[in-house]
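Participant: Below is the structure I would like to discuss, written out as structure tokens.
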Amino acid sequence: MILSMLPTVDWKDDCVVMVDQRKLPGKEVYVELRTAREVARAIEKMVIRGAPAIGVAAAMGLALGVRKSRAKGSAALAGEFYKLCDMMAGTRPTAVNLFWAIDRMKGVFSDAVRAGRSPEEIDSLMVAEAGRVHDEDIACCRALGAHGAALLPDTGHVLTHCNAGALATGGYGTALGVIRAAVEGGKRIAVYADETRPFLQGSRLTAWELLRDGIATTIVTDGMAGSLFRKGRVDAVVVGADRIAANGDVANKIGTYTVAVLAREHAVPFYVAAPTSTIDLATADGDGIPIEERSAREVTHVGSARVAAEGVGVWNPAFDVTPHRFVAGIITERGVCRPPYDESLAAIHGQQ
Ligand code: MRU
């Protein structure tokens, strides 16, 4: 059985097309973005989200920016391009894939300028590079899925937090890629998806995309996870990551740390699945990872309905850091890293 690929983001006829994830699962609406600014806004407003998908969208957005500005000539194009890179970098601070993708596009742009390429040639090179970022991300998900599937039991329940699925990547998913690959390989895996307050990526997105693939999924509110572990109903945890520091500390959706502590208390393996583009060797440990704080409204409201008293204080960090000592393995497209992570991550990052 080969499980489906969702059209999370794509380049089509001079636009970036993406499914508006804020509207799922109620409505499957595709938006066509025609400028780099529109793509940046879509990232900021979480039309598209998930670290690898943000990287793919940013790469396509910058290619779009070059396409729109190429008629202005080489000098104006360069000035404009670097401004667009800064704008894109200002959208979301935690997912390192964003900065990785921007650096990659900058590298192609500056090489092309140095080689004296025309604006039209630079445009084609940028579109081709964005396509490669997309294709490579899907290939990474497939490869890490295969590595991770081997770690899951033949039959059992896997708990995941947030959405690290096809919707969070170029396609197929990281944590959900591991689950998909296990199911494709004949394992009988059922999933518990944490609801994931406040943006509800678990109940809205993870449940939706797994049910489309016929994978049995049960949602629990975040506070229910402890009882599930205590009843012995979780055999493994697999989550994604927004940034992995050099020592193996992992930033992921707020609430992930709680799950990791529960997993340790109940002797359940806690795995992180992420492409090597999520590993940030320049950041020594989790304390150095910038944690995005989002608007209070995400917590005080569900959709347009207020669910908290007017005037109440709100703290809304979008991510937390799980110390590396809670992580049983980091599943990448090049294999599974084990502790000590400062050694295994550096070694895997150096491989081609
Ligand atoms: O705020 P989001 O929805 O962008 O957060 C997403 C997550 O935390 C994911 O788990 C992470 O980006 C990995 S996605 C493969």
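The values are calculated or read from the model by the stated rules, or taken from the named source; none is laboratory data. Bear in mind the structure is a predicted one, so any value in this text is a computation, not a measurement. So basically every Cβ, Gly included, is an ideal-geometry build from the backbone, and we count neighbours across all protein chains shown. Side chains included, ligands, DNA and RNA excluded: accessible areas come from the protein's heavy atoms. Shrake-Rupley method; radii C 1.70, N 1.55, O 1.52, S 1.80 Å.
Participant: Using helices alone, I'd like the mean residue ellipticity at 222 nm for the chain: each DSSP H run of four-plus residues gives -39500 (n - 2.57), total over residue count, nearest 500.
Facilitator: -12500 deg cm²/dmol
Participant: OK, next. Taking the full set of protein chains and a 1.4 angstrom probe, give the accessible area of Ile102 in square angstrom, rounded to the nearest 10.
Facilitator: Taking all protein chains as shown, Ile102 has close to 10 Å².
Participant: To one decimal place, what orientation-averaged projected area in nm² is obtained for the convex hull of the Cα set of the stretch 169-235? Kindly include the intermediate steps, with their values, before the conclusion.
Facilitator: Details: hull surface 19.0 nm².
Averaging across all directions leaves 4.8 nm² for the Cα convex hull.
Participant: Distance between the C-alpha centers of the stretch 191-234 and the stretch 247-262? Whole Å please.
Facilitator: Using only Cα atoms, the two centres lie 16 Å from each other.
Participant: Something else: Running Debye on the stretch 9-142 with equal point scatterers at the Cα sites and no solvent, what base-10 log of I(q)/I(0) appears at q = 0.20 Å⁻¹?
Facilitator: With no solvent term, the Cα-only Debye profile gives -1.13.
Participant: Still on this model: Only bridges with both residues in the stretch 146-349 count here: give the DSSP antiparallel percent, nearest 5. Don't skip to the end; give the middle numbers.
Facilitator: Numbers: 13 of 33 bridges.
Of the beta bridges lying entirely in the stretch 146-349, close to 40 percent run antiparallel.
Participant: Here's another thing I want to ask about it. For the full complex of protein chains and a 1.4 angstrom probe, list Asp280, Asp222 by accessible area with the highest value first. Walk me through the numbers before you get to the answer.
Facilitator: Numbers: Asp280 20, Asp222 50 Å².
If we order Asp280, Asp222 from most to least accessible, we get Asp222, Asp280.
Participant: What full-extension length gain, to one decimal in nm, is calculated for Arg34 and Arg114 as 0.36 nm per residue of separation minus the Cα-Cα distance?
Facilitator: Values: separation 80, 0.36 × 80 = 28.80 nm, distance 2.76 nm.
Length gained, Arg34 through Arg114: 26.0 nm.
Participant: Note down the nm distance, to one decimal, between modelled labels 7 Å out along Cα→Cβ at Ala346 and at Leu211.
Facilitator: 4.7 nm
Participant: While we're looking at this one, here's another question. Pull up the cross-link candidates among the lysines for Lys72, meaning alpha carbon to alpha carbon under 16 Å and not fewer than 8 places away within one chain.
Facilitator: Those lysines meeting the cut-off are Lys83.
Participant: Using alpha carbons only, how many degrees (0 to 90, rounded to 10) separate the axis of helix 341-350 from the longest principal axis of the chain?
Facilitator: 40 degrees
Participant: Which chymotrypsin sites (Phe, Trp or Tyr not before Pro) in the stretch 269-352 sit in a loop by DSSP (not H, G, I, E or B) and have at most 13 other Cβ atoms within 10 Å of their own Cβ?
Facilitator: Numbers: sites: Phe270, Tyr271, Trp315, Phe319, Phe326, Tyr341; in loops: Trp315.
Answer in residue order: Trp315.
Participant: Using a 7 Å offset from Cα along Cα-Cβ at Asp285, what residues in the stretch 242-264 end up with backbone N under 13 Å from the label point?
Facilitator: 245-250
Participant: In a Gaussian network model over the chain where Cα atoms closer than 10 Å are linked, find which of Ala246, Ala267, Ala146 has the largest mean-square fluctuation.
Facilitator: Judging by the Gaussian network model, the answer is Ala267.
Participant: Given Cα pairs under 8 Å that are at least 6 residues apart, what percent is the relative contact order of the stretch 146-349? Show your work: numbers first, answer last.
Facilitator: On the way: 417 pairs, mean separation 43.2, N = 204.
For the stretch 146-349, the relative contact order is 21 percent.
Participant: Let me ask something else. Can you give the local net charge around Gly202? Use residues other than it whose beta-carbon is closer than 10 angstrom to its beta-carbon, Lys and Arg +1, Asp and Glu -1. Could you put the intermediate results ahead of the total?
Facilitator: Working: positive: Arg197, Arg204, Lys253; negative: Asp194, Glu195, Asp222.
With Lys, Arg at +1 and Asp, Glu at -1, the neighbours total 0.
Participant: Another question about this same structure. Can you give the extra length, in nm with one decimal, that the chain gains between Arg233 and Val17 once fully stretched, where that is 0.36 nm per residue apart less the Cα-Cα distance? Walk me through the numbers before you get to the answer.
Facilitator: Details: separation 216, 0.36 × 216 = 77.76 nm, distance 3.94 nm.
Residue separation times 0.36 nm, minus the Cα-Cα distance, leaves 73.8 nm.
Participant: Hey, what's the chain come to in accessible area per residue, 1.4 Å probe, Å²?
Facilitator: Values: 14240 Å² over 352 residues.
Spelled out: the 1.4 Å probe surface of the chain, per residue, equals 40 Å².
Participant: For Ala305, what charge total do you get from the other residues with a beta carbon under 14 Å from its beta carbon, if Lys and Arg give +1 and Asp and Glu give -1?
Facilitator: So the environment of Ala305 carries a net charge of 0.
Participant: All other residues with a Cβ under 12 Å from the Cβ of Thr218 taken together, and with Lys, Arg as +1 and Asp, Glu as -1, what is their net charge?
Facilitator: Net charge in that neighbourhood comes out at -1.
Participant: Let me ask something additional. In the stretch 274-318, which GluC sites (Glu not before Pro) are in a loop and have at most 13 other Cβ atoms within 10 Å, using DSSP for the loop call? Could you put the intermediate results ahead of the total?
Facilitator: Values: sites: Glu292, Glu293, Glu298, Glu310; in loops: Glu292, Glu310.
Answer by residue number: Glu310.
Participant: If you average the sequence gap of Cα pairs under 8 Å that are 6 or more apart and divide by the length of the chain, what percent do you get for the contact order?
Facilitator: Values: 732 pairs, mean separation 57.0, N = 352.
For the chain, the relative contact order is 16 percent.
Participant: Taking Lys27 as the anchor, which aspartates and glutamates have their alpha carbon closer than 14 Å to its alpha carbon, excluding any fewer than eight residues away along the same chain?
Facilitator: Leaving aside aspartates and glutamates fewer than 8 places away in the same chain, those within reach of Lys27 are Glu209.
Participant: Follow-up question, since we're still on this one. Take peptides 15-23, 35-43 and line them up by average Cβ neighbours within 10 Å, highest first, as a rough protection proxy.
Facilitator: Values: 15-23: 19.6, 35-43: 21.2.
Highest-to-lowest ranking by the protection proxy: 35-43, 15-23.
Participant: Given the protein chains as shown and a 1.4 Å probe, how many square angstrom of Leu125 are accessible, to the nearest 10?
Facilitator: 60 Å²
Participant: Among Ser69, Ser304, Ser295, what's the order by accessible area (1.4 angstrom probe), most exposed first? Intermediate results must be reported in sequence, preceding the final value.
Facilitator: On the way: Ser69 5, Ser304 105, Ser295 65 Å².
Final ranking, largest accessible area leading: Ser304, Ser295, Ser69.
Participant: How much of the accessible area of the chain, probe 1.4 Å, is carbon plus sulfur, in whole percent? The partial results should precede the final answer.
Facilitator: Values: 7540 of 14240 Å².
So the carbon and sulfur contribution to the accessible surface is 53 percent.
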